[in-house]
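The values are calculated or read from the model by the stated rules, or taken from the named source; none is laboratory data. Computed from a predicted model, the values in this text were never measured in an experiment. Ideal geometry is used to build each Cβ from the backbone, glycine not excepted, and the neighbour counts take in all protein chains shown.
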Amino acid sequence: MNRKEFFEASAKAGLGCCALALLGSAGEATAADAPAVDSEKQFVKNWMEDLFAALDTELDEATKVKVMAGCGVSASSRRVSSALQSRSG
């Protein structure tokens, strides 16, 4: 695996986790909600693929690293903040 493949795989995994967090817990969906959840997941998947294609086309490597690092820091901060709120409440 070269550096670019590693970067792409890491970024997709990180953004995929963020997308799943945005969609909420799929375990709470009922059978009637399944088509809507599947449709929303497909939309997010397609959007993410378009995002990565645009990042690869439009940005230099250093800028891509900065963008992904910023997303990682933000996601981590939200997760820690959410965990602290759930423990205190």
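Whether a residue is assigned to a helix (DSSP H, G or I), surrounded by 11 or more Cβ atoms within 10 Å (Cβ to Cβ), modelled with pLDDT under 80 and within 12 Å of the chain's Cα centre (by Cα) was assessed, and Gly72 does not pass this test. Per this entry, Ser81 is not counted among residues that are out of contact with any strand residue (DSSP E or B) (no Cβ under 6 Å at 6 or more places or on another chain), within 15 Å of Ala11 (Cα to Cα) and not in a loop (DSSP other than H, G, I, E, B). Within the range 36-69, the set of residues being more than 15 Å from the chain's Cα centre (by Cα) and more than 15 Å from Lys12 (Cβ to Cβ) comprises Ala36, Val37, Asp38, Ser39, Thr57, Glu58, Leu59, Asp60, Glu61, Ala62, Thr63, Lys66.
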